[in-house]
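Undergrad: To start, I am sharing the structure in question, which I have written as structure tokens.
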Amino acid sequence: MTHAIRAEGLTKAFKGTAALKGLDLEVPQGTVLGLLGPNGAGKTTAVRIFATLLHPDGGHAEVGGYEVVRQARQVRSLIGLTAQSSAVDDNMTGTENLVMIARLLGMTRPDSRARSAELLRRFHLEEAAGRAVKTYSGGMRRRLDLAASLVGRPRVLFLDEPTTGLDPHSRGEVWGMLRGLVSEGMTTLLTTQYLDEADRLSDSIVVVDQGTVIAQGAPDELKSQVGGQVLSVMPVEAAELARVRALVTEEAGAQAVIEDHRVIAPVTTDTLMPGVVRRLDQAGIAVAELTLRRSSLDEVFLALTGHKAQAAGPKASDDDHTPTGGPS
């Protein structure tokens with residue numbers, strides 16, 4: 001299978017702090033790879049190397065068969081990038097932003113206007129096309145960012161936390177746009193801290209922590225291999241949560257936790273469910289909900305890294321390592 005993105009042994013350090021420590025990954029053509037990890041894991045550093053914005057200290061990286069350092073010009077002709085921060089001009093209209101990008105890419109004025117109109121229609125921004133971007137909602141701005149990254153009809157798209165800071169409705173809108181791109185066979189590398197986003201959009205997932213890959217596979221494979229099944233118990237009375245946790249922990253032989261008024265524990269044996277039911281009945285604890293389910297990607301992430309994925313908020317550049325002076 002031909003790979004649109006490939007990395008072998010990528011390393012990168014900033015001021016003596018390692019952001020990447022021998023990163024290896026491959027993304028087959030026409031697929032979506034979700035690159036997951038906490039702040040500081042190296043996700044954005046990797047994206048910037050693939051996008052020719054940073055030079056690696058060591059290792060090898062290719063995009064579309066071209067080496068990212070020696071053949072940077074060819075790589076740039078193949079890719080689109082939606083970064084964490086907006087790349088559009090607030091004081092220009094939606095149309096003006098897209099026409100400007102098209103002109104910078106060498107399109108004629110008529111072609112630039114035609115491509116701008118096509119993308120504004122596709123991303124449902126026609127009615128706002130003549131308004132200054134500073135009047136757009138967060139979701140509209142992010143859709144315009146996506147449109148801007150597609151002006152040059154890239155074969156490979158890098159999405160660096162594309163829905164950071166958006167409300168659930170706006171995130172849903174952007175997801176809809178991304179699904180459309182995926183259905184057309186565009187190769188996409190998606191970094192995100194929203195694990196439900198990776199679960200819904202990715203064909204495969206690579207989990208990085210401290211600059212190296214710690215797990216990879218399809219979302220369902222990771223859930224099966226790392227997470228297994230989970231028992232969830234919700235008592236009728238919230239005051240009983242501590243008792244239920246102690247009871248489930250003893251029965252499961254593993255530490256149960258309390259989340260969202262439920263006691264959650266990994267399923268360690270086939271007899272866990274009937275054993276817990278029996279113990280709850282003996283203790284006289286009424287239960288509103290008792291379920292077995294497959295582990296969520298959040299729980300897989302917790303098992304792999306020892307901590308939960310942090311909801312991404314505004315932050316400085318990548319991984320808190322990237323220097324402010326720009327690409328090396």
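Undergrad: May I ask you to say which residue of Gly172, Gly185 is farther than 25 Å from Thr45 by Cβ, part of a loop (DSSP other than H, G, I, E, B) and open to solvent by 30 Å² or more (accessible area, probe 1.4 Å)?
TA: Just a single option satisfies the conditions, and that option is Gly185.
Undergrad: When you look at Ile264, is it in contact (Cβ under 8 Å) with a residue 60 or more places away in the chain and not in a loop (DSSP other than H, G, I, E, B), yes or no?
TA: No; evaluated as a whole, the condition is false for this residue.
Undergrad: Right, here's the next one. Outside any loop (DSSP other than H, G, I, E, B), over 23 Å from the mean Cα position of the chain (by Cα), more than 21 Å from Asp209 (Cβ to Cβ) and at pLDDT 60 or above - does that describe any residue in the stretch 292-302?
TA: Yes; the residues of the stretch 292-302 include at least one that is outside any loop (DSSP other than H, G, I, E, B), over 23 Å from the mean Cα position of the chain (by Cα), more than 21 Å from Asp209 (Cβ to Cβ) and at pLDDT 60 or above.
Undergrad: Would you say Val244 is modelled with pLDDT of 90 or more and outside any strand (DSSP E or B)?
TA: yes
Undergrad: Here's another thing I want to ask about it. Considering only the stretch 267-283, state which residues are more than 17 Å from Glu299 (Cβ to Cβ) and either part of a helix (DSSP H, G or I) or at pLDDT 95 or above (or both). I'd like the intermediate steps shown before the answer.
TA: Of the residues in the stretch 267-283, the ones more than 17 Å from Glu299 (Cβ to Cβ) are 269-271, 273-283.
Hits for the stretch 267-283 are Met273, Pro274, Gly275, Val276, Val277, Arg278, Arg279, Leu280, Asp281, Gln282, Ala283.
Undergrad: Continuing with this model, one more query. Can you tell me how many residues within the stretch 124-140 are under 23 Å from Glu184 (Cα atoms) and either in contact with an Asp or Glu (Cβ under 9 Å, 6 or more places away or on another chain) or free of Cβ contacts under 8 Å to residues at least 24 places away in the same chain (or both)?
TA: Of the residues in that region, 4 qualify.
Undergrad: Out of the residues in the stretch 232-271 meeting the condition of being touching a Leu at 6+ places or on another chain (Cβ under 6 Å) and within 15 Å of Arg294 (Cβ to Cβ), tell me which one is surrounded by the fewest Cβ atoms within 10 Å (Cβ to Cβ).
TA: Only one residue fits best here, namely Val267.
Undergrad: May I pose another question? Go through the stretch 75-93 residue by residue and tally those that are more than 26 Å from the chain's Cα centre (by Cα) and either surrounded by 14 or more Cβ atoms within 10 Å (Cβ to Cβ) or hydroxyl-bearing (Ser, Thr, Tyr) (or both).
TA: The qualifying residues number 2.
Undergrad: Here's a follow-up. Looking at Gln216, is it closer than 30 Å to Glu26 by Cβ and in contact with a Gly (Cβ under 8 Å, 6 or more places away or on another chain)?
TA: No; evaluated as a whole, the condition is false for this residue.
Undergrad: Select from the stretch 64-104 the residues that are over 24 Å from Thr191 (Cβ atoms), in a loop (DSSP other than H, G, I, E, B) and not aliphatic (A, V, I, L, M) and list them in ascending order.
TA: Within the stretch 64-104, Arg70, Asp89, Asp90, Asn91 qualify.
The values are calculated or read from the model by the stated rules, or taken from the named source; none is laboratory data. All values derive from a computational prediction rather than experimental measurement. Heads up, the Cβs are rebuilt from the backbone with ideal geometry, glycines too, and the neighbour counts pull from every protein chain shown. The area values use the complete protein model at the heavy-atom level, side chains included, leaving out ligands, DNA and RNA. Shrake-Rupley method; radii C 1.70, N 1.55, O 1.52, S 1.80 Å.
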